[in-house]
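Everything below concerns the one structure shown next.
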Amino acid sequence: MGKTRSRSQRKGDRGTMLLLPTWLVLGGLLLLPLLILLGTSFHPPDDVGNPQAISNWSQFFHSGDWAHNYVQSVRPIYLRVAWRSLWLAAITTGLCLLIGYPVSFYIALIAPQRRKNLLLALAVIPFWTSFLIRISAWRIILQDRGALNALLLHLHLIYEPLRLMDTPLAVLIGLVYGELPFMILPVYASLEKLDRTLLEASSDLGASGRGTFWRVVWPLSMPGVAAGCVLVFIPGIGQFIVSDLLGGSRTMLLGNLVQNQYTSGRDKPLGAAIALELTAAVLAMLIAYAIAAKRRGMEVAL
Amino acid sequence: MDIAIDIRAVTKRFGEVTAPVTAVDNVSLSIGRGEFFSLLGPSGCGKTTLLRMLAGLEHPTSGSILLDGREMAGVPPHLRPVNLVFQHYALFPHLNVAKNVAFGLRYQGVARRDENARVAEALELVRLGGLENRRPDQLSGGQKQRVALARALVLKPKVLLLDEPLGALDQKLRKEMQVELKALQKRLGITFVFVTHDQDEALTMSDRIAVMNAGRVEQADAAATVFERPRTLFVAGFLGAANLIDGFIVRPEKLSLRLESAPEGGAFLSLPVTVEDRVYQGINTIWTVRLDDGKRLTICQQNTEPFDVHAGAAGEKRHVWWDKRHAVYLDEKGLDAG
């Protein structure tokens, strides 16, 4: 006779069993690499950039060598890169909101029912193409002899080609282009759920279209806007592909910095330290967002 | 009658050209200032659509609506002198009660510092003083309804439109609110246009009732008239029950069951019937009886005599009596001919 378990205990067991694969995946593919990274970040680099084995552990701890990489990571040149990444991600988020919100607004509240799905699909279809190819396409557009300059020259709007490639502006364009759907979709979801009678009530009580928007639609779309901003900002701050392809060596972001340390820079432990700092910062932002949202009674829908 | 609302030949069609739905069909009504006017009818009869056209949330396909003599075509809802109380209240979930009620005040030029006084006044009117800081999700159904009412009344409209506002309340609360609303209306002197599918409600509260069916107004009269002198079979059947006997209608409560037949030339008429069923309902007894030609009648008699279990068992013969004045005659088309 085995020990008996109550109904709720058995349900709990089943729940745990079903979550087991999730825990394995999260543990193996997420936690483990992070732990490896953490370990790497404390070691000094050897000649080829790999973490060097420690011979004398007590000396290693007492001399403070273990913090070497972290101390390195806050040197001014690296801080400039961090600041630039922050700025670029913030501006990208702002632009995505500016451009994306009206699009979501149109699809959710103005477009006729039968066209909504089509429009949403149009916003998402670009994802079916390789991201790399789409960003590379912007090179063709923005180059000195690229499509945009050719058009502007032809229309005699400019007389010399505009220097667009390899600038922060190009990176910005690429980022906004790539991240826009991540703003459009959550904002759309928020607006779609809006109770239309609230808009009617607002109108009935005397609010014009603008009044209704700012006093009813905008506040109630906040969860979607917040989610969209998070979904744009966080990948934005860790970007390295866009800055690599469109920004050249002039526009180095944190992502490129880490990537460099793992390749030509030959200092994997430093790269690991920077990557972890970035991860910690992002985590802190997410936690702050979750706390703020919960406190306002908003749903934390990511 | 001083006309507050003039509805002239208003029609509203929805849908594609190939499959149009006529929600409101050539309706003309005049609603007087200070009246409690109800639009009564079954689901889908067009009453809510008509109300929304008064509010400006829908536009008539043809015809015109005048409020206080002013043509309302092209006037958007936020510029109309009416306010609407929605069926499901439509309270703003992100604002507390005070801010909900104060919502429209700024469009009337009320200064911010005066808003609180006006809000308190409105909440007192609906007996919800003290709940200013609650949020809508912390309110009961009845409270939400009152907030919706206060939010409209605070703007001191000349006309208040109410779209089945009591529909979601339980019976007891509903009856209480009916009395309160009626008293409120009398006190404020505002014209109320009230949409409902509940005939008891309409009869309790209204000065006049327009009975609607499939987009048309079948009858618009004082409440008692609509009940006592229905002009069509539909109206007779919608407000209370109606027995159709050989070209005229008599209500069940106007019939009585006796052993003997009525004397000739008197005030009453009678017909022989066979009792089919009897249902005791406390205050009343409902009889189902059958005429010789097979037609069934329903009789609703108040139990004035002590209840006799054995009286009127199935199969027994009786006579059904009615006062001649209670017979409402219809012609073949089902319309009142006399």
Calculated FRET value between A:I110 and B:T61, using beta carbons and R₀ = 25 Å, to 0.05:
0.65
Taking placed amide H atoms and a strict 5 Å upper bound, the residues 5 or more places from B:L84 or on another chain that come that close are B:L161
Starting from the exponent 0.38 and prefactor 2.2 Å, build the expected Rg for segment A:153-250 from its residue count and divide its actual Cα Rg by it.
1.58
How big is the accessible area of B:S43 in square angstrom, nearest 10, if you roll a 1.4 angstrom probe over the protein chains?
110
Quick one: 3J(HN,Hα) in Hz for segment B:224-229, Karplus 6.51/-1.76/1.60 with θ = phi - 60°, rounded, Gly and Pro as x.
5, 4, 4, 6, 6, 10
Computed [θ] at 222 nm, helices only, for the protein assembly as shown once each DSSP H run of length n ≥ 4 contributes -39500 (n - 2.57):
-13500 deg cm²/dmol
Please give the Cα centre distance for segment B:1-71 versus segment B:137-172, rounded to the nearest Å.
22
Kindly write out, for segment B:22-36 in residue order, the coupling ³J(HN,Hα) from the Karplus curve 6.51 cos²θ - 1.76 cosθ + 1.60 (θ = phi - 60°), rounded to whole Hz, with x marking Gly and Pro.
8, 7, 10, 10, 6, 9, 10, 8, 10, 10, x, 4, x, 7, 9
What value in Å³ per residue do you get for the convex hull of the alpha-carbon atoms in chain B?
185
Set the Förster radius R0 to 56 Å, insert the Cβ-Cβ distance between B:L188 and A:F131 as r into 1/(1 + (r/R0)^6), and round the FRET efficiency to 0.05.
0.30
B:S261 to B:T204: FRET efficiency via 1/(1 + (r/R0)^6), r the Cβ-Cβ distance, R0 41 Å, to the nearest 0.05?
0.65
Can you give me the convex hull volume of the Cα atoms of the protein assembly as shown, divided per residue and expressed in Å³?
328
With labels modelled as points extended 7 Å from the Cα through the Cβ direction, what inter-label distance (nm, one decimal) is found for A:L157 paired with B:N133?
5.6
Partner lysines whose C-alpha sits under 17 Å from that of B:K12, ignoring same-chain residues fewer than 8 away, are B:K47
Note, ³J(HN,Hα) from phi for segment B:143-148, Karplus 6.51, -1.76, 1.60, rounded to Hz, x at Gly and Pro
5, 4, 4, 5, 5, 4
Under a plain spin-label model, where a point goes 7 Å from the Cα along Cα-to-Cβ, how far apart in nm are A:L98 and B:A120?
4.6
With each pseudo-label sitting 7 Å past Cα toward Cβ, what's the B:R70-A:A290 distance in nm, one decimal?
5.4
In whole angstrom, the spacing between the Cα centers of segment A:120-173 and segment B:87-105 equals 48
XL table B:K186/B:K324; B:K175/B:K324; A:K193/B:K99; A:K294/B:K158; Cα-Cα > 31 Å flagged, in table order, is B:K186/B:K324; B:K175/B:K324; A:K294/B:K158
Over 18 Å, how big is the tail of the calculated P(r) for segment A:1-152, in percent of all Cα pairs?
82
Given the protein assembly as shown, what percent of its DSSP beta bridges are antiparallel, to the nearest 5?
75
Please report the net charge: other residues with Cβ closer than 15 Å to the Cβ of B:G189, K and R +1, D and E -1.
+2
Projected-area mean, chain A, by convex hull of Cα positions, square nanometres
27.0
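The values are calculated or read from the model by the stated rules, or taken from the named source; none is laboratory data. No experiment lies behind these values; they were computed from the predicted model shown. A quick note on method: Cβ atoms are made from the backbone with ideal geometry, for glycine too, and the neighbour counts reach across all protein chains shown. Areas reflect the complete protein model, heavy atoms only, side chains present, ligands, DNA and RNA absent. Shrake-Rupley method; radii C 1.70, N 1.55, O 1.52, S 1.80 Å.
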